[in-house]
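Undergrad: Structure below; questions to follow.
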Amino acid sequence: MRTLQAFRFALDPNNAQLADLHRHAGAARFAYNWGLALVKAALAQRDAEKSYGLGGDALTAVPWTLPALRLRFNQAKNNVAPWWTECSKEAFSAGLDQLARALKNFSDSKKGKHKGRRVGFPRFKKRGKARASFRYTTGAYGPSGDLAVKLPRVGRVKVHEPMGALTGRLAVSQARLLGATVSRTAGRWYVSFTVEADREVPAEPTSRQRRGGMVGVDVGLKHLAVLSTGEHVDNPKPLARSLRTLRRTSRAYARSKPGSAGRRKLAARLAGTHAHVAHQRRDGLHKLTTRLATSHEVIVVEDLHVAGMARNRRLARAVADTGMAEIRRLLAYKTVWYGSRLHVADRWYPSSKTCSGCGWRNPSLTLSDRMFHCQSCGLAIDRDTNAAINLRILVAASTSETRNARGADHKTAPARRVAAKREPGTASASQTGGASPRGEAA
């Protein structure tokens, strides 16, 4: 199977290469700002012409796409950027490409074609505030052995760790380079290669996957994930563990003198702490999702409205620290890679308020109730474990859902349809994942 995949490596440039990387990132930012100024001037000119009653072909053309922006920049680069030969042309093209994408997102959002929040008109990028990055799509770029990469106009830059995972695939023609993005995060430069790779997806689950079978996954704040098997995955809470350091560094940064060397050091320390928190969170999520995708044949998760949960000011920090939406995103492609299936339960399915033993519902259950007590069959069970078992039952009850194509992100039937078929006292031990009336896993 051909699939898009990214390989990211940290760079170890020398001082001269470090200056070149900053210069290329500045060139991309310059091209972006120049193009945005050109677009705004053309829009202002068009509005002025409309006020005079002009229309049709008489109106000033607005460069809105990448080819149009690139043509105008090539015509003016000798005047606006006489130093352009010091950088690769890909850096300027990368900045114009970012602008073209931003303009398209704005127009699509205005027409209702863009999903998510409304996208505003692009704004100018400021040095030190915007993300420093540029991209290569053509030229002699790519790995140079296992310990270095080739970047046009920058040279052969060492990497911090061996790239055998990528170079091995390139050597046997199992991957094809599509582009390379160079970016800076917390003072560290990285290169990310986008490749079209060949992956062997098993036609049938392996023996290890058969032992895992189907599993329901309930994500939360107290525990990162609770499985229908009864396993509770602890939430590492990387942000909560670093809050004391972040507060102390933030106060010191706020009291420092603007433009001083001490302020720059504190800014670097603050950025490094945030990057460390993000890396810890990403590492935990990757380990969890990889284990689920390789050890279970079918994985059932909820369609959570994370943006709505984050509006609660008391839960916003904890929700952001967990990365709930990232779990589903990672499972979406890892289940394809490892030959398992992903099913997404309906957003309004009351998994926590429904008894996993008999189907009775408790509509008055609140977030403070950590135990579920069934008034119909007397089942007492942890609310998160109960929700995970219900997710597993939801898909197990509809046999047609498990016959879909392997690896797809499938939506289950609405909760009200499935719940209507299950009467109190009719659930078997196999439907509850082998749970006894006391909520103990068999």
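The values are calculated or read from the model by the stated rules, or taken from the named source; none is laboratory data. All of these numbers come straight from a predicted model, not from anything done at the bench. A quick note on method: Cβ atoms are made from the backbone with ideal geometry, for glycine too, and the neighbour counts reach across all protein chains shown.
Undergrad: Here are Ala186, Ala175: which of them is touching a residue at least 12 places away in the same chain (Cβ under 8 Å) and in contact with a strand residue (DSSP E or B) (Cβ under 6 Å, 6 or more places away or on another chain)?
TA: Ala175
Undergrad: Something else now. Restricted to the range 200-224, and to residues that are among the small types (Gly, Ala, Ser) and over 23 Å from the mean Cα position of the chain (by Cα), which residue is modelled with the lowest pLDDT?
TA: The extreme case among them is Ser207.
Undergrad: Do you know which residues across the range 358-378 are over 21 Å from Ala225 (Cβ atoms) and surrounded by 22 or more Cβ atoms within 10 Å (Cβ to Cβ)?
TA: Gly359, Cys374
Undergrad: Among the listed residues Arg241, Arg255, which satisfies the condition of being farther than 30 Å from Asp382 by Cα, surrounded by fewer than 16 Cβ atoms within 10 Å (Cβ to Cβ) and out of contact with any His (no Cβ under 9 Å at 6 or more places or on another chain)?
TA: Arg255
Undergrad: Continuing with this model, one more query. For Arg328, state whether it is assigned to a loop (DSSP other than H, G, I, E, B) and either buried (at least 22 other Cβ atoms within 10 Å of the Cβ) or modelled with pLDDT of 85 or more (or both).
TA: no
Undergrad: Would you confirm, using the coordinates I've provided, whether Trp34 is outside the structural domain of Gly142 (by TED's automatic domain parsing), surrounded by 12 or more Cβ atoms within 10 Å (Cβ to Cβ), modelled with pLDDT of 90 or more and not in a helix (DSSP H, G or I)?
TA: no
Undergrad: So, one more: Identify, by number, the condition in (1) modelled with pLDDT under 95; (2) not in a helix (DSSP H, G or I) that Lys158 doesn't meet.
TA: (1)
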